Amino acid sequence: MSSIKILNTEFKQQLDLQYASAIKAGFPSPAEDYMRDSLDFNRDLIAHPESTFYGRVEGDSMMEASICDGDIAVIDRSIQPRDGDVIVAFLNNEFTIKYLDLTHRREGYIELRPANRNFKPIRIDEDDNFEVWGVVVWTIKKWK
C-alpha cells in the first residue's frame, strides 16, 4: 500500500520560468528567448494556502496513475472530495493515497481504490477510523 508523509514546507522564492502558454515539443521560436515570467508555487499551484499541505508518497499502489514512490503530492484540505478524486485518507492512524470510490454508499460502505492491479481496494465501513484528509490537486515528480 502507498502511504504518504505530510511535509512541513513553505515556498517563499520565485523561480525564473520561460514564458509560454504551453511547453512545445517542436522547434522553438527565437523570439521565445526574450519572454520570461516567474514561477511562484504559492500563486501557480496553491489556490488555498491556509489549507494546502505537501506529502511525500511512499510505495507503488498508485503507480498506474503516475503517482510514484518519492513523488510529492500537493493536498488541498478545503476541497470537497468527489467520487473518483485522488485523496489522502487518514485510515486507522495512517495516511494513505488512493482513489475515492463512493459508488457503494447506498450499500453502507465506500472504497479506496489503488492504481495498481497488484493491490486490492480497501473497503471502509462505518466502524472504521477513517477521514478524507484532503484532495490531491498536483503531484511533483523528480525525473533524475
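The values are calculated or read from the model by the stated rules, or taken from the named source; none is laboratory data. Keep in mind that what you see is a predicted model, and the values were worked out from it rather than measured. Cβ sites come from the backbone with ideal geometry, for glycine too, and all protein chains shown count toward neighbours. The area values use the complete protein model at the heavy-atom level, side chains included, leaving out ligands, DNA and RNA. Shrake-Rupley method; radii C 1.70, N 1.55, O 1.52, S 1.80 Å.
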Would you mind getting me the FRET efficiency between Gln80 and Ala47? Use the beta-carbon distance for r and R0 = 22 Å, nearest 0.05. 0.95
Could you run the Karplus curve 6.51 cos²θ - 1.76 cosθ + 1.60 with θ = phi - 60° over the range 75-87 and give me ³J(HN,Hα) per residue in whole Hz, x for Gly and Pro? 10, 9, 7, 8, 7, 6, x, 10, 3, x, 5, 7, 10
For the range 58-64, in order, what is each residue's ³J(HN,Hα) by Karplus, 6.51 cos²θ - 1.76 cosθ + 1.60 with θ = phi - 60°, in whole Hz (x at glycine and Pro)? 10, x, 10, 6, 10, 5, 6
From highest to lowest solvent-accessible area (probe 1.4 Å; ligands, DNA and RNA excluded), Glu107, Glu126, Glu58, Glu64 read Glu126, Glu107, Glu64, Glu58
What is the set of long-range amide H partners of Trp138 at a cut-off below 5 Å, with H atoms built 1.01 Å from backbone N? Val74
